[in-house]
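Below is one structure, written out as structure tokens, with a few remarks after it.
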Amino acid sequence: MRIAQLNFRQPPGPGDLIALDIDPEALITLQQLQRDYGDMVSVTKPNGRLAYFINDATEVRRILTRNHNKYIKGPGFERVKMLLGNGLIVSDGDAWRRSRRMIQPSFSRRNLHQLINVMVERCDRRANQWADISTSKSECNITVETSDFALELILLSIFGSDYDARILAEGDNPFAFLSRSSKRDLSVAMKAHNLRKLLLSIIEERRAREGLMQFDFLSMYLKAKDKDGQQFSSLELFDELMTLIVAGFETTANTLSWAWYLIAKHSDVEKKILMEIEKCLPRGSKFSVESLQAMQYMQQVLEETLRLYPPVWLFTRRSCELDELSDYDVPPDTDIYLSPFVLHRTEHYWTEPNRFNPERFSQTNAPIKDRPYYPFSLGPRRCIGEYFSFLEMKIHLGMLLPRFRMQLIDNVEPELELAINLRAAKDIVMKLTER
Ligand code: HEM
């Protein structure tokens, strides 16, 4: 009603009501809308709310960067809120600004480089486990392997020595339910709630122990202060730690399992990446910041993997004031749908968009910051863990790829599961042999 009264300029779109949730049907709907109406489409949802699907690279960038203050998080995030309370990924406005300022310094490159040794040590252990798999059954469930690896690594990065001493003290990893199921519904929120007592007791114990020497996210977060000198309360910390765990492991795990799949499928890429590892990391030498930075081709392979399979394949915003995009108006309370998956596979932005070709990201091509590419989002709410995830993924591949060969068991393209995260609908299993 308000929309008609004020005569807003809306992008074209269908007359019917269109349902849009973060589910597999949404991808089909969005691709159809784009085919029929172009890169900016308006729809009315069954609840009467106006929604825009924005696939125009310039306007996506404008929403996420220059005009980000005009938007808050949109539909779908209420589900995530059940699990993550008011942690960084779901909070908005002043609460988000305060947390981001307090947390950002923990993610400085200097801090993250202190985690390299832990990453290397865990990859070493995994190499031993894989050696056993290759001699016993030789089939490797790479979905489970990368999921366990990334979960273990984020927990170690947060809790340091408390990971073994407190989290694993009772035997099984109490967070394992997160890696076993991709559901993020009420049952998962309840299980996460049960971890509250354990996490709050670790937080309180840490507060009591002063002068910690080791680096981990918990000690950094405990020291963080806002502009009034206030620290996080224990309940705020609980939300922030759950946020780090959930945001930090599944995305990286999915990217790594797609990377193994794509490398196995493209022997030329495998050869090139192995040559680079040998050059940057001659046998016997240790991982260093320099060797990781030198692995440029591996960086390209990961970037191309994230182009084809961006874990956060669809995300949303809601306008909180009037905005203008291209020739159109965005009235307040409009839902905005943004899909890296659709944009990364749009033909007028990418030639042969469905082809895996890491050369697209070589330094002779356009700088990555100017690309129609946003697997980590853009602007002030861009992923805080991007550099962490590249360190982790490069060390994982850099250590395991030269020792092990993964081969596809069949030529069937994995079906996609399009939930909050994009992953393979069925676990990817490959043949594992030691080189
Ligand atoms: C390949 C790996 C990853 C991908 C593709 C990814 C993707 C994203 C995306 C798209 C967002 C923005 C969502 C939105 O604004 O609606 C985001 C935010 C975030 N990510 Fe990541 N992420 C990855 C790894 C990580 C890791 C390893 C961590 C933690 C160690 C992490 C922590 C976060 C947090 C805390 C936010 C919220 C930032 C804010 O709103 O200020 N992510 N991520």
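The values are calculated or read from the model by the stated rules, or taken from the named source; none is laboratory data. Fair warning: this is a prediction, and the values are worked out from it, not measured in the lab. So basically every Cβ, Gly included, is an ideal-geometry build from the backbone, and we count neighbours across all protein chains shown. Accessible surface is based on the protein model in full, side chains and every heavy atom, while ligands, DNA and RNA are left aside. Shrake-Rupley method; radii C 1.70, N 1.55, O 1.52, S 1.80 Å.
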Taking 41-49, 9-17 and ranking on average Cβ neighbours within 10 Å, highest first, one gets 41-49, 9-17
Please tell me which of these pairs span more than 26 angstrom C-alpha to C-alpha: LYS70/LYS223; LYS265/LYS369; LYS197/LYS225; LYS369/LYS426; LYS279/LYS394; LYS81/LYS197? LYS70/LYS223; LYS265/LYS369; LYS369/LYS426
Using modelled backbone amide H atoms (1.01 Å from N, in-plane), which distant-in-sequence or interchain residues come within less than 5 Å of ILE336's amide H? TYR52, ARG317, ARG318, SER319
Viscosity 0.692 mPa s, temperature 37 °C, Stokes-Einstein D of the range 2-434 from Kirkwood C-alpha radius, µm²/s: 143 µm²/s
Suppose accessible area is computed on protein heavy atoms with a 1.4 Å probe; arrange GLU321, GLU145 from highest to lowest. GLU321, GLU145
Accessible area per residue, Å², the range 100-246 with all protein chains present, probe 1.4 Å: 48 Å²
Can you work out ³J(HN,Hα) from phi for every residue in the range 226-231, in order, using Karplus 6.51 cos²θ - 1.76 cosθ + 1.60 and θ = phi - 60°, giving whole Hz and x for Gly and Pro? 7, 5, 9, x, 7, 9
Which whole-number percentage describes the relative contact order of the chain, with Cα contacts under 8 Å and a sequence gap of 6 or more? 26 percent
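R0 = 30 Å: FRET efficiency of GLN32 with GLU413, Cβ-based, nearest 0.05?
Approximately 0.90, to the nearest 0.05.
Tell me, what % of the accessible area of the chain is carbon and sulfur with a 1.4 angstrom probe?
Reported share for carbon and sulfur atoms: 50 percent.
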For the chain, what does -39500 (n - 2.57) per DSSP helix run (n ≥ 4), summed and divided by total residues, give at 222 nm, in deg cm²/dmol to the nearest 500? -14500 deg cm²/dmol
ILE18, ILE103, ranked by accessible area, largest first (probe 1.4 Å): ILE18, ILE103
